[in-house]
1. Report, by chain and number, residues whose modeled amide H sits under 5 Å from the one on residue 93, excluding near sequence neighbours (fewer than 5 apart, same chain).
2. For the stretch 16-180, taking Cα atoms only, what is the radius of gyration to one decimal and the Dmax to the nearest whole Å?
3. Once every Cα of the stretch 194-349 carries one equal point scatterer and solvent is ignored, give the base-10 log of I(q)/I(0) from the Debye formula at q = 0.18 Å⁻¹, two decimals.
4. Put +1 on the Cβ of each Lys and Arg and -1 on the Cβ of each Asp and Glu in the stretch 16-180; which of 34, 139, 120 then has its Cα farthest toward the positive end of the dipole?
5. Charges at C-beta only: +1 for Lys and Arg, -1 for Asp and Glu. How large is the resulting dipole of the stretch 14-130 about its Cα centre, in Debye rounded to 20?
6. Could you identify which residue out of 112, 265, 315 has the top mean-square fluctuation in a GNM of the chain using Cα springs shorter than 10 Å?
7. Would you work out which of 223, 268, 339 lies farthest towards the positive end of the dipole of the chain, given +1 charges on the beta-carbon of Lys and Arg and -1 on that of Asp and Glu, about the Cα centre?
8. Taking the inverse of the average 1/r across all pairs of different Cα atoms in the chain, what Kirkwood radius in Å do you get?
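Read-outs: derived from the displayed coordinates by stated rules, not from any lab. As the structure is a prediction and not an experimental result, all values here were calculated from the model. Please note: Cβ atoms are built from the backbone with ideal geometry, for glycine as well, and neighbour counts cover all protein chains shown.
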Amino acid sequence: MPCSAEKSTQAGFMSRPRIAQIGPWPSPWGGISVYVQSLSRYLADQGADVIVLDTQNHELVDESGVHVLPLPSGRDQSLRAARLLAAHRCDVAHLHLIGFPWKAVVPFVLACQSVGVTLVVSVHSFRVESQPELNAWQGALLRGAARSLPQIFASGEHVADRLINHGVPKSRVQAVAPFVPPIPAEPLDARLPEHLRQFCSRYQHVVAAGAAALTRTAEGQDLYGFDIFTEVANKVAKVRQDVGFVFQLPRLGDEALFKAAMQQCRSLGERLFVHREPLEEGSDLWAVADVFVRPTRSDGDSVSIRESLSLGTPCLASDVVNRPTGTTLFRSGDSADGAKELLGLLDNLQAAQEVVRAAPQPQGAATVGGTLRSLATETHTLQRARQSITRALWAR
């Protein structure tokens, strides 16, 4: 039986189609959790009833009215999700994944089918999980599950290509930018903590970067490129005395990576600020920065790059994947090239800002939101029709 909180949630969800997001809700902040939160709020603003089954186990009601419920990890996660989807009478579930693992896709497809919920999947990257080799029956299960999905959203063309290469039907895959433009604070630094505002005020220019937590690539290198950022900062600081550097790092992650990078940039002293507290809105730091840097050695369609560009902040990123129009690139892992490009941006900041303002903005939120609302309405109508037929038959 649903608990009292679930019953009250249901009471508000009786008249309209309902959409469930399955994925992480911040904090901690990361690209996917930011997208889950911003897309949920976007859907709510568009008039949809939304709940989130949170794989980071928060339980709250967001300011937008979105109900966030915990969904613990474990072998029975898909069954737990099915029970919650049924209890809250959801019509569509939107599952957020890294990679396209059969051990996640197949159980969630079966679980959603068992409770009459339409499942849509977003694959955000393959950067952490390399898609394992599948035997014949595993591959058949995965391809069958993929064919049963009405839509699979891929975060960029490179992710779409990987999915198709793994046997996912091309007709099911659509490449989108997983992004909802942030609403900046007024003034821009209003939501930043006082110590961070004070640091930024000491310098004519601020260069920012960040990561949810430091982690390694499959080859053992720094995935988010904190080491590259500190090397670039070292080189630029010797030329420009008016620049401060901020790295947003709410969770430490791999301590050895952190210590090694900090050791090599001791000469920066107080000009490097590693901010270790979560921000109210992660994009607020990109809004006040003069340049945002994304030095990753592997990546998907970076939400933080999209955020910085939408806020008018020039962005410097590694060339490890295709980047959005308006992004300045440097060779992945090459701090000398990164420093050269960063100095070019700082020396010609006004021109760089004009390039960013002229760049097109992605329509991913409208595409994904429109699909979810349409499928939810279709499923909702079908379910109500089935209920009416059942009641009519039992009334005879």
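1. Close amide H contacts, sequence-distant or interchain: 20, 118, 119, 120.
2. Just the Cα atoms of the stretch 16-180 yield Rg and Dmax of 15.1, 47 Å.
3. Those come out to -1.09, one per q.
4. 139
5. 320 debye
6. 265
7. After comparing all options, I get 223.
8. Details: mean 1/r = 0.0448 Å⁻¹.
Radius from the Kirkwood sum: 22.3 Å.
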